[in-house]
Amino acid sequence: MAENTRQEKSVKLNGLNLLYSDWGNEEKMPLLCLHGHGSQARVFDEFGDAMSPYYRVLALNQRGHGGSDRAPDGYARDRFVEDLSAFVDELGLTRFVLVGLSMGGWHSFLYAPKNPERVERIIIGDIAPEATPQFVEYWLNRPSTPLEFPDVDTAILWGRSTNPRASDERIHKDVQDKIYQRADGTWTHKADPLILADPLVDLTDPAIIERYWKGLAAIACPILAVRGGLSPLVSDEVNERMAEVAKDLTLVDIPDSGHPLTTEQYAQFIEVTSSFLGVRP
């Protein structure tokens, strides 16, 4: 089956202009994709191309990311979920598959229990209600993200330093999708600097962590949890607890991938998600 062509569109929601990718095919069930923290919608490009013959693929640049407006009312999880709900309503999506990478998975845990009539299936990418102590320590002590680059090559070197496993071609694409050139010729992130400096209290606040566990437990539809085999974020113990808590959960590892699944191993991500969805790209 022939793939459809991605188009970039925008929509005004909750006072913000949000950009999104739309592969068309409106007669098909929507497949709505949410990127991770500090990322952007085009991490789903290959996935969207592969799935577009079977679904209406949509990938949202969430508030403060990927050229969508920066948010004066901030980046609390509930604000992201309100945007998601408004996006679904604005596009008239009555029932859809929800795909959440990393932070997008957290948003899925919060949205789906309140909207069971709308969510057909869920795919989460290398995320869980709680992270390993090793990942939390890494995150809290990580080097600060540089906010300015003199040229694209310097930005790509930074991108490579944070992702040693992805191909050169994929690193170039990912970095160039994340940055833009300012009037003075320097380059900077499309993401709001407030997001890039966010300590992510989700990793340490017991109340938020418990909220994610309760959300997972309340989800009625089938869930596929894809973990990067080289990622330090989700432990075996947490995976086992997720399987016990969730009503219908399938666990799959991509052995050669770290946390950014669609950047490092997008072909394998497409393979395991296709199997779960019952399609053959």
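Read the figures in this text as sums done on the coordinates, not as results from a lab. Quick caveat, the model's predicted, so the values are computed rather than measured. A quick note on method: Cβ atoms are made from the backbone with ideal geometry, for glycine too, and the neighbour counts reach across all protein chains shown.
Pairs with C-alpha atoms separated by more than 27 Å, drawn from the list Lys28/Lys214; Lys12/Lys114; Lys190/Lys214; Lys178/Lys247; Lys9/Lys190, are Lys28/Lys214; Lys190/Lys214; Lys178/Lys247.
Under 17 Å from a label point set 7 Å out along the Cα-to-Cβ vector of Ala183, no amide N atom of segment 18-58 is found. An oblate overall shape is assigned to segment 200-244, the ratio a/c of its alpha-carbon gyration tensor axes (a ≥ b ≥ c) being 1.5 or greater and a/b not exceeding b/c.
State the antiparallel share, in %, of DSSP beta bridges confined to the chain, rounding to the nearest 5. Just about 35 percent of them are antiparallel. Per residue of the chain, the DSSP helices (runs of n ≥ 4 H) give a summed -39500 (n - 2.57) that works out to -10500 deg cm²/dmol at 222 nm.
Inter-part distance, segment 222-255 to segment 95-117, computed on C-alpha centroids, equals 16 Å.
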